[in-house]
Structure formats: C-alpha cells, structure tokens
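Notes follow the structure.
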Amino acid sequence: MKDYRIVFEKTGVMRYISHLDLNRCMIRAVRRSGLPAWYTEGFHPHLYLMFPLALSLGAESLCEVMDLRLTQEVPETDILTRLNAALPEGLRAVSVGEPQHEAQDITGARYEVILQGEALSDLWEAFLSQEQILVEKKTKKGRKEVDIAPLITAESDREEGDGLHLTLCLPAGNAGNINVSVVVDAFEKYAGRPIFTQCVRRIKIFCEDGKDFL
Amino acid sequence: MNQQIEPFLLEVQRPSRYTGGEVGQVVKDRRDIAVRFAFCFPDIYDVGMSHLGMKILYSLINERPEYWCERVFAPWEDMEAVMRRERIPLYALESGDPVREFDIIGFTLQYEMSYTCILNMLDLAGVPLLQRERGDAIAPLVVAGGPCCCNPEPLCDFFDLFILGEGEEVDLELMDLYRRMRDAGAGREAFLREAARIPGIYVPSLYEVTYHADGTVEAVTPRDGAPAVIKKRVMTDMDRSYYPDSVVVPFIETVHDRVSVEVLRGCIRGCRFCQAGFLYRPFREKSVETICRQGRALCEHSGYDELSLSSLSTSDHSQIEEMLDALLQYTADAHVNLSLPSLRIDNFSGSVLEKVTTIRKSGLTFAPEAGTQRLRDVINKNVTEEEVMRTCRIAFEGGYTQVKLYFMMGLPTETDEDIIGIADLAQKVVNLFYDMPQRAKGKLQVSISTATFVPKPFTPFEFEPQTGKEEILRRQAVLRGAIRSKKIKASMHISDISQMEAVLARGDRRIGAVLYDVWKSGGHLDAWDECFEAQRWYAAFEAHGLDPAFYANRTRPYDEVMPWDHLDYLVSRDFLVREHKKALEARTTPPCRERCAGCGADQCLGRSCF
C-alpha cells in the first residue's frame, strides 16, 4: 500500500465541474486507468481519493492536488501516463510524488485574475487602500461582517487589452479560506457597477513558510 | 464547446450540463462528415443522459466514419432565459454547432408530456415549428423515434417523418437514403416520398385524415404511393444486434447514473395496462455470454462502479441465475455494484436476492399495481398477495427495512374496495415485519405510491375511459382515510398531468394546434410538475373547440377507427379486444412462455417466440 500525491491542472471546460463532480470524475478515471487502486475495507468498499483543498466552480487551476492510495508501488511515470490516458481534456496530471505535507499545512493560495473593463487599475488600487474591506460572511450562527483587507495580498496589477490582470494571494485551507469571488464582489460593490470576471486561475498552493504544498 | 455560451455558464445551475467534453463523447472532423445527425432528447441533460436508447443509437451512428451523431438536450429554465436573452441558438454538445445547421434533427419520444418541450427546442434552434413551413430544401429534416411514435398523430404538424419500432437498422437506412438523394439534389418532398418506402418509416404528410361529425376518425388515406399500413421494425436476434461497448460518462450525477446492459426486449407478462409490454413484443433475450461481455466492456471503458441489468422484467430471463453467477464473478473483483431494477415479485427467489445483496443493500420496490386480487386479475398483474408476503419476508430476513409499493388508481372496474385493499396490503406488510422474531434491525418504512392510470394505445385498455379528476381525488381521500399505521407513507400523483397525458396518448392530429398554443403560452417543460400549468392546456383546448374528455374520458367502441390504426405494432386488434373482454370478466392470461396468447408479434420472427 502506498500513497501518491498527484498535482494536476483543471482548465478549459473542466472549470465548470464542481468539486463533487470532480471527485466522481477522478474515481472513474482511476478505475479506467487500470492502476491498482486501494479500496476501503468494510461493507461498501470505495476507492480512496483525497483532495486536500477544494477549488470553486468556475476557477481554473494549474496546481490542484489529489492523494491516491495504491495497493502496491508503481513507477511515478507510469502513474502519470496511465492517468493522463484516462482523463478528459482539461484535466492533466503534471507530477506525482510522495506526500510531503499534511492537508492542514496549507495556509494560502495564489491566483491570477482577469477582470473585464477599461481603466480599472486606479479603482482597484483605491479599493485596496481602504482601511477596512467589510464583507458579509454566512456562518452557522447567521451572518457576520468580516474585514478582509488584511487578508488580501495583492502582488501585482496591470492593465491589458482585455482588462485588469491581477495576482493575488488569499488565505486557504482549514484555518480559513477566502474565495476570489468574495474579493471581486467587494470590489464590484465598491465600484458601484458590475465587473465581469473573465478568468480566475489558481497557480500555487502554499504552506506557512511560503513553500509549495507538496 | 459552444463559445457563445461560455461567458454565461456561471449564471446557471450545473453548468456542465451545457459544455460537453465528457469522456466517451465522439468528436469528428466536420470536413470528413457526409451527414450530421442531432440526437435530441426533449428533456434536460440529467434525464436524457440516463436514456439507454440514445446511447445505443449514438454509438451506432458514430461507428460509421462518414456520419456524426451529436447530443442535444433541453436547457433548464435558467439556461433557456440566458439563451433567449443573448440570442444563442440551441446547439449540439460535441461541436457546439447550431442544431439548425444539421442534416437530420432527431427527437426521441419517450413520454407524452415532453411534446411541448420538442416545440420549444425547435424554436430555440431557430427551425420553423410547422413542417409545411420548412420549405423544399431537404435539410434539416425533423424526425422522431421512440415508443410514443405508436401514436404520433398529435405531432404530425411538426415532423417530417416518424420511425416506428427499433432503430438499429432503419436509422442507418434512412441516413443512407438521405445522403444519396441530397447528393443528387433532391428536395424535401421528393425525399419524403422515397423515405416512405422504407419499412418502418411513417411520413404523416402523405396521409389525409377525415373525421365523422362526432369527432371520431373516419379514415386515414395514403397518397403518392405511401403504404396503407406502416409496420414497426424489429431486431430479431439480440445477440447480433448492435450494442455499444462504451458510453458518454457525464460529470454531473444523472437520474440513472450507471452503465446498463440490456438483457432482453419485450415482456412475457401481458399486464393489460402496460404499453411497453405490448409495444416491445416479441420477447427476445440475449445470451448470458453476450450480457457478460457487454457489461464488462461498458464498466471497463466507462469507469462506472455500477452496472444495471436493463429490461422490462429481468428475472424473466430464462437463465437469470446463471447470468447473475457469471456477472458476479467479474463484478465482485472489479468493485462493481450490480443492480437489478426490474425484478418481479412472483419469481423472486431467495438465492437471487442473496446474489444481489452480496453487492448492495437498499430499499426494495414492488409494483402490485392494484389492492385486491380481483383487480389484479382484471389488469393481468399475475401476482398474489401470498407472493407479495413471501417476497417481503425474504427481503426482511435479508436485512431490508424499506419497501416501496407502487399502485395505480382509476383502473377499469375499480371500486372503493380495491382502494381500501391498497391500504390493507401495506398494513399486512407492516404486520409481517413486526411478527418476525428475526427481523432486521432498523426502522421499517412502507411507502405506497399511486399514479393515475392512463389508458394507452396498443393495450387492451385502449378502449377504456380514464377516470376523471374529481373521482380520482375522492379515491385518493378514501385511501388516505384507510391508512392506519404511521409506518406507511403514501404519495399520490397529480391528476391534471395524467389527464393531459391521456389526451396526448390517444389524441389525433387536431391536438397539434393545442400543443402549439400551450407552447406559445409558456409550456416548455411540462413533464416537470413545477413547470406544468393546467390552465394553459385547458385554455388551448377551449380556443380550438376541443374537449379533453373526448380523448381521455370516453369509452371507445371496438369498431372505432383509432387515430393510430394505420400503424402496425404487430399486436392485432382482435387480440386486444379478446384481452379487454377477459379483463372485464377478471380472467387472467398466462405469461407467453406458458401459453401463447396469439397476439401476433411472432410474425416478425417467422417462428413461435418460445
């Protein structure tokens, strides 16, 4: 029995499948691949797959992570080849290795975001320079206001032909998670007009020390 | 993927209904294709992707390198709003190309309440709804197949042709003819006249219907050499009949989210209410070897972990035990669950149950259909109360605690005694459970579900009136009053939909105008309770001076010309009349395997069925 951590891309059409659907899709892909998957014991054995961090519907990613348990050791290149042969277009395994971190080590993620519209740059910077950015968050006990200003790390922004290109780091993982859409919604509210999100792409999942989650 | 739709996908629920891109989809190079076929299922993706017939015909057509079959489904209301707002025409999932650019647009007619959805899909596609307004260009042809083609008269205004019976051969014959005539420059009318010569093809525009003063059909008269009677097509050898070894694997969870291997076609039971039991005759089964090979290939190619054995009555396969043994040898090791959705009560043996339960344990579903033995004899549901009890006992011993019982209400000759019998039968099941010392742990739940009976063409009850809505409501109240135990949960179907279903099932060509109006006034997904509005329908009937009761609630004499009399589904009118008379005397007919009832369906085999 051996655990493998697979990093994969979820792009194109695949960004429209939900986390639950991705799980089912991956289970079937592993079954088609013929890899010696490990099944849970018990009355309803099921194939063991674990996703340490979910991705919201509509976002692309170059760095999704999935843990797969096999009944025996298989060369990592074989795992890549066989899995990729079974995956639909838009899902592509890029690397396989032994898990280095625990899921709870994840603290944040980096995103590329493209917001459609002209001359958004100044508005964006004004938005970020606010003392507080209050958003309403639904919790089990009801709604509460949270200040997300200290949680956003905006690394870069630049205007291009198709809109404003942003690179953002946001908290991710068990300790707290902020979706890009929460930030964009707050920006939209600040701007007082609808802003179309053309692209959200996760490019890195990292641990507290800033190193890649692997 | 359709590029126009992409910016709006996050506005709608379950966007992957609309993207395509699934494993198993067939994508071809447009430049290599001679004929493009848009296979349209008139309901949403989640429902349509569960349909076995579509999977068979999709793969069958795509086996031909020069033909390309793609899938088209109805958008849910949220997506329809986006498509209309943004003027995005209905498109096929594989290429994203507009449906109106296809050579053939083919709908499957699975249930009557989907008819308005067909009109809506044609409209979304930008194809003229009325056949006569499509001009003489040969494309796009609008065609339909499926069980409701046994009486397609309400849809005659909208279709170029209907394909009767099983499509595995005739669909390709039709496409071959289309290709030949299109390449020779033929127009629509010339093509249709020629297509009408293919056995199983019904071209409605080549038939004139005349009516008596009382509204019944006087005659259906062919012209231009069209055959007076069109006979359905049948695949005579199931082992040689085409069956796919791979399917499109959806991302979202569909209604039947599993692979299915069809184990047999037809049914030996002869339940008199069941249209499928007569339409799909004669009874033909696949060999155990074929079933295992096909089931295994489907699991391996799809990655599904559930394999369903599909048929009208799987336990009527002559080698059911051998089949299960052979399948279980593969499925147990491959971590595949085997599901048998259509088991019958009477021959449901403990060993069969054991085989199924080694894989998965959930609720059991039985359909006694009627509450008393007398009424079960009327409908020829040859199940006795002892058999129901015996099976429940086996099930309870095997650890089951949930039993679902399906019944119909409004069956011919039904009285309040029969209605109370439904509650009594459910109560006996409850009592049985608590009288068993070695019963399973867990909470017992007996669910009874009653649907309103809808008389259908090509059944012995095609002559019968449907019970009216008021009376059904009264009987529902009688049933509710008769239920004593809290362990029994009852759910009952709305009867407005049932009446419309009854009208469409036995309607004539005049209903076409009603359908058009219902669609025009907003009826787009009438098969869905939450989208169905009875008022639209009643208003449309009134506007055209038609009475739903004339179609649904009238007794039809044996010698009446039915709107579908020019269509031949192999079962003879004489047989149906015989069965109807026996029904009224509560006399049963044994299963075909015991004694041939002489329905006539064996004519296509050139031998007796057994």
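The values are calculated or read from the model by the stated rules, or taken from the named source; none is laboratory data. As the structure is a computational prediction, the values presented were derived from the model and not from experiment. FYI the Cβ positions are ideal-geometry reconstructions off the backbone, even for glycines, and counts take in every protein chain you see.
Structure summary
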quantity: Qualifying residue in the range B:375-391 (condition: within 14 Å of chain A (Cβ to nearest Cβ) and either touching a Phe, Trp or Tyr at 6+ places or on another chain (Cβ under 6 Å) or surrounded by fewer than 16 Cβ atoms within 10 Å (Cβ to Cβ) (or both)); calculated: no
quantity: Flag for B:R269 being touching a residue at least 40 places away in the same chain (Cβ under 8 Å) and crowded, with 21+ Cβ neighbours inside 10 Å; calculated: yes
quantity: Residue match in the range A:169-182 (condition: of a type outside the set (A, V, I, L, M) and in a strand (DSSP E or B)); calculated: yes
quantity: Residue within the range B:9-21 that is surrounded by fewer than 19 Cβ atoms within 10 Å (Cβ to Cβ), aliphatic (A, V, I, L, M) and free of Cβ contacts under 8 Å to residues at least 24 places away in the same chain present; calculated: yes
quantity: Residue within the range B:36-49 that is surrounded by 20 or more Cβ atoms within 10 Å (Cβ to Cβ), within 14 Å of chain A (Cβ to nearest Cβ), under 26 Å from the mean Cα position of the chain (by Cα) and among the basic types (K, R) present; calculated: no
quantity: Tally of residues being more than 9 Å from every other protein chain (Cβ to nearest Cβ), assigned to a loop (DSSP other than H, G, I, E, B) and of a type outside the set (A, V, I, L, M, F, W, C) across the range B:1-23; calculated: 4
quantity: Filter result (of a type in the set (D, E, K, R) and farther than 26 Å from B:I511 by Cβ) within the range B:167-192; calculated: B:E168, B:E169, B:D171, B:E173, B:D176, B:R179, B:R180, B:R182, B:D183
quantity: Members of the range A:189-206 that are without any contact (Cβ under 8 Å) to a residue 24 or more places away in the chain and within 14 Å of chain B (Cβ to nearest Cβ); calculated: A:P194
quantity: Any hit, the range B:75-91, residues being touching a residue at least 40 places away in the same chain (Cβ under 8 Å), away from chain A (no Cβ under 14 Å) and touching a Ser or Thr at 6+ places or on another chain (Cβ under 8 Å); calculated: no
quantity: Among (1) aromatic (F, W, Y); (2) surrounded by 19 or more Cβ atoms within 10 Å (Cβ to Cβ); (3) under 30 Å from A:K2 (Cβ atoms), the one test that A:Y48 misses; calculated: (2)
quantity: Residue that is nearest to B:Y243 (Cα to Cα) [pool: residues in the range B:43-58 that are aliphatic (A, V, I, L, M) and outside any loop (DSSP other than H, G, I, E, B)]; calculated: B:I56
quantity: Checking B:E300 against (1) surrounded by fewer than 19 Cβ atoms within 10 Å (Cβ to Cβ); (2) part of a loop (DSSP other than H, G, I, E, B); (3) within 14 Å of another protein chain (Cβ to nearest Cβ), the condition it does not meet; calculated: (2)
quantity: Lone qualifier among A:D147, A:D162 - being within 14 Å of another protein chain (Cβ to nearest Cβ) and among the charged types (D, E, K, R); calculated: A:D162
quantity: Pick from the range B:205-225, criterion farther than 11 Å from B:M562 by Cα and either touching a Pro at 6+ places or on another chain (Cβ under 7 Å) or of a type in the set (G, A, S) (or both), ranking: surrounded by the most Cβ atoms within 10 Å (Cβ to Cβ); calculated: B:Y207
quantity: Candidates B:E70, B:E66, B:E77 - the one that is assigned by TED's automatic domain parsing to the domain that holds B:P15, crowded, with 19+ Cβ neighbours inside 10 Å and of a type in the set (D, E, K, R); calculated: B:E70
quantity: Any pair with Cβ under 7 angstrom, 6 or more apart, that starts in the range A:25-45 at a residue that is surrounded by 12 or more Cβ atoms within 10 Å (Cβ to Cβ) and among the acidic types (D, E) and ends at one that is assigned to a helix (DSSP H, G or I) and modelled with pLDDT under 95; calculated: none
quantity: Pair list, Cβ under 6 Å, 6 or more apart: the range A:104-119 residue among the small types (G, A, S), other residue surrounded by 22 or more Cβ atoms within 10 Å (Cβ to Cβ) and in a strand (DSSP E or B); calculated: A:A109/A:R202; A:A109/A:I205
quantity: Yes/no for A:L151 being surrounded by 15 or more Cβ atoms within 10 Å (Cβ to Cβ), closer than 20 Å to A:L55 by Cβ and modelled with pLDDT of 90 or more; calculated: no
quantity: Odd one out for B:E533, checked against (1) crowded, with 16+ Cβ neighbours inside 10 Å; (2) over 30 Å from B:T401 (Cα atoms); (3) at pLDDT below 95; calculated: (1)
quantity: In the range B:24-35, the residues that are more than 14 Å from every other protein chain (Cβ to nearest Cβ) and in contact (Cβ under 8 Å) with a residue 24 or more places away in the chain; calculated: B:K28, B:R30, B:D32, B:I33, B:A34, B:V35
quantity: A:A126 being aliphatic (A, V, I, L, M), modelled with pLDDT under 95, more than 16 Å from A:R5 (Cα to Cα) and part of a loop (DSSP other than H, G, I, E, B); calculated: no
quantity: Residue in the range B:504-515 that is crowded, with 18+ Cβ neighbours inside 10 Å, in contact with a Gly (Cβ under 6 Å, 6 or more places away or on another chain) and closer than 30 Å to B:C599 by Cβ present; calculated: no
quantity: Residues that are surrounded by 16 or more Cβ atoms within 10 Å (Cβ to Cβ), in contact with a strand residue (DSSP E or B) (Cβ under 6 Å, 6 or more places away or on another chain) and without any contact (Cβ under 8 Å) to a residue 40 or more places away in the chain, drawn from the range A:155-177; calculated: A:D157
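Residue by residue, here is whether (1) farther than 30 Å from A:M26 by Cα; (2) more than 14 Å from chain A (Cβ to nearest Cβ) holds:
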| position | (1), (2) |
| --- | --- |
| B:G225 | yes, yes |
| B:I230 | yes, yes |
| B:V234 | yes, yes |
| B:M238 | yes, yes |
| B:D245 | no, no |
| B:E262 | no, yes |
